[in-house]
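The values are calculated or read from the model by the stated rules, or taken from the named source; none is laboratory data. Bear in mind that the values here come from a model prediction, so they are computed numbers and not experimental data. Quick reminder, even Gly has a Cβ in these numbers, built from the backbone with ideal geometry, and neighbours come from all protein chains shown. Keep in mind that these areas ignore ligands, DNA and RNA; they rest on the heavy atoms of the full protein, side chains included. Shrake-Rupley method; radii C 1.70, N 1.55, O 1.52, S 1.80 Å.
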Amino acid sequence: CGKGNNGGDGLAVARQLYTRARPRELHVFLAVPAGELTPDAAMQLRMLEVSGCPVTFGLTSAMRRADVVVDALLGTGLHGPAKGRMAELIGEINNGFPDARIVALDMPSGMASDTADSEGEYVRAHHTVTFTAPKVGQVLPPNCDSVGELRVSAIGSPESYYSQGWLSLVERIWFASLVAARAPGSNKGTFGHVLVVAGSRGKTGAAAMAGMAALRAGAGLVTVATPASALAGVAHFAPELMTVEVPETSAGTFSKAALSAVLELARGKDVVAIGPGLTMHPETVAMVRALNAELRLPVVLDADGLNAVAGSVWKAEGPRILTPHPGEMARLCGLSIAEVQSTRMETAQAFAMARGATVVLKGQRTLIAFPDGEVWINPTGSPAMATGGTGDVLTGLTAGLLAQKVVAPALAVAGAVWLHGRAGELGAATLGEQAFVATDLLRFLPEAMRECATV
């Protein structure tokens, strides 16, 4: 326990453990002399002493055998790196308790609460119990890697203190209605029709995965428009998909003549997904730019759909959802990948506001930026998803959920991102990170959806 309010919280936890849980051994180590405690922490110390629990002022060999270490040295009031005695004790927590689970109160000590990166050393926790609401420093990388399992504990703070901000952490309870039981009289026309504009010779899998993901998300109907060179591969992958052949170039890509065919196919559809497996053939690029300019219904742009519009001047005439990875975001903004990665939140937010689009910037802790400047942080995902095709699945999931119109469009996008990441976590837990492939997302998606339904 430190000398401030965080230390006072630790002393309160010690009192609860001592009087209620009665562990076999409980060691309370106060990092400063009692006379240096803040008033609230001093009051907690007096209450602990009255309970009969002993307090020590030095680390002992018995403490090193702890099963659990509660970190209550420093909280959210830290400015700059931890120094002196506090920095030494943070090192002790990280290195001196080899068999212990580390539980941090409010913040892992030494970690910045209002920025994604921290100066100096900070506690590497297995669990963090934070108060009132998550902190920015807990939910963005690289800090989030040292928070462990994050629990939010209500302490009576008025909701007005934290409910009106521009930055939010996505919670599965937001979109439980996406996976709610369907009405008995439902039919395929009830749940929307998605048009997927994707694929080329040698890239049939991208189109097929996007289409199948839209179906798995619950869309009633999915049509994949693709060149003749890709048609057989798409149909073989998923017989449930409807396919339409469009004019192609000699390279097996969408030709400029495909534009009128796709515009006609888009009539009566609820969402159009454009991009997976398209290639950057000049005729294909021209077609995508024309589609982006002319379509008024919701459009999900990914992969070569994003690359096609990069460098062009446009602002969305209809709802646009862009799902770039850092490289695609760099091309859209004219930045380097390093610049995008160092300013992920600012870059996504600025682009969304400038283009009137929703931007899903993929990566660890995917960001969802909206045209009004609001940004949501998605907490799900796994390194197992660093494999080709996972973005194509997200494209289809997003389009499939949007087509059903069961919640606000923003929540449908967030639901797709959360479910996509959660399916990756579940798959990695079963298959391992190395063996995981993109189609495993479709395999574990139903389990992720059931989790949402049971909130």
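One table, with the values for the structure above:
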read-out: Test: residue in the stretch 320-343 that is crowded, with 23+ Cβ neighbours inside 10 Å, farther than 20 Å from G400 by Cα and touching a strand residue (DSSP E or B) at 6+ places or on another chain (Cβ under 7 Å); value: yes
read-out: Test: residue in the stretch 296-317 that is under 23 Å from the mean Cα position of the chain (by Cα), buried (at least 18 other Cβ atoms within 10 Å of the Cβ) and under 19 Å from V170 (Cβ atoms); value: yes
read-out: Leading residue by the ranking (least open to solvent (accessible area, probe 1.4 Å)) among those in the stretch 6-24 that are of a type in the set (D, E, K, R) and free of Cβ contacts under 8 Å to residues at least 40 places away in the same chain; value: R15
read-out: Qualifying residue in the stretch 50-67 (condition: among the polar types (S, T, N, Q) and either within 20 Å of R15 (Cβ to Cβ) or surrounded by 15 or more Cβ atoms within 10 Å (Cβ to Cβ) (or both)); value: yes
read-out: Test: residue in the stretch 183-204 that is closer than 30 Å to H281 by Cα, open to solvent by 10 Å² or more (accessible area, probe 1.4 Å) and assigned to a helix (DSSP H, G or I); value: yes
read-out: All positions within the stretch 243-283 that are without any contact (Cβ under 8 Å) to a residue 60 or more places away in the chain, of a type outside the set (V, I, T), more than 22 Å from G389 (Cβ to Cβ) and part of a loop (DSSP other than H, G, I, E, B); value: P247, S250, S255, K256, A257, R267
read-out: Filtered residue count, the stretch 100-138, keeping only those that are open to solvent by 10 Å² or more (accessible area, probe 1.4 Å) and in a helix (DSSP H, G or I); value: 1
read-out: Exclusive hit being of a type in the set (S, T, Y), in contact (Cβ under 8 Å) with a residue 40 or more places away in the chain and open to solvent by 30 Å² or more (accessible area, probe 1.4 Å), set S153, S168, S157; value: S168
